[in-house]
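Below you'll find the structure, written out as structure tokens, and then a few comments.
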Amino acid sequence: MIIDKIKTTLVVPNNNDYLTLYVTSDQVVMWCLGLCALQKGVINSIQLLGPSQRALGIILNSSDERNNFSAKDYRKIYISRQSLDYWIGFILRYAYNNIAEVDHIDIDAGLVGDANQDKSIILKFDSSLSPMSSDEMNKLLESM
């Protein structure tokens, strides 16, 4: 089992404001292993392989608290330790429950060398809970 290479779907829109990474139920264990190995320093990066073998690297950004893209071509994502911990927790719960809590999560990012360029990384999940209605939310808040 190769934990530093994960096949996925990468979507970069024409305006380059965000990057969408798809996590499917059949890939979730590989995502967990890869992200945990990256967190613990077992591997230096994760290579996501998209359609037509377009590759994107995820690298732990130990020197900065901000998530960054290497350039406008989205070949590398430098992820902060805090974001990596968040991804791991969320994806571990998805693997354990066999369903994601929400259909996607957004992570803010910028471009390396240009702190004013705000971008987003979106992790999209193929299997998620239905959104909570406002009535359900109010009942939950009242019970706290």
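The values are calculated or read from the model by the stated rules, or taken from the named source; none is laboratory data. Everything numeric in this text was worked out from a predicted model, so none of it was measured. When we count neighbours, we look across all protein chains shown, and the Cβ atoms used for this are built from the backbone with ideal geometry, even at glycine. The protein model used for the area step is the full one, side chains on, heavy atoms only, and it has no ligands, DNA or RNA in it. Shrake-Rupley method; radii C 1.70, N 1.55, O 1.52, S 1.80 Å.
If you scan the range 120-139, which residues turn out to be open to solvent by less than 90 Å² (accessible area, probe 1.4 Å) and either in contact with a Lys or Arg (Cβ under 6 Å, 6 or more places away or on another chain) or small (Gly, Ala, Ser) (or both)?
Selection gives 120, 127, 128, 133, 134.
Please go through the range 16-45 and give me each residue that is modelled with pLDDT under 80 and among the aromatic types (Phe, Trp, Tyr), ordered by number.
18
Give 56, 48 a once-over and let me know the one that is more than 24 Å from residue 98 (Cα to Cα), modelled with pLDDT under 85 and open to solvent by less than 10 Å² (accessible area, probe 1.4 Å). Before you say what the answer is, go through the steps one by one.
Values: 48 fails: more than 24 Å from residue 98 (Cα to Cα).
Of 56, 48, the one residue that is more than 24 Å from residue 98 (Cα to Cα), modelled with pLDDT under 85 and open to solvent by less than 10 Å² (accessible area, probe 1.4 Å) is 56.
Cβ-Cβ below 6 Å, separation at least six or inter-chain, first residue in the range 62-87 and under 16 Å from residue 123 (Cα atoms) and at pLDDT below 65, second assigned to a loop (DSSP other than H, G, I, E, B) and not polar (S, T, N, Q): which pairs?
68/112; 74/12
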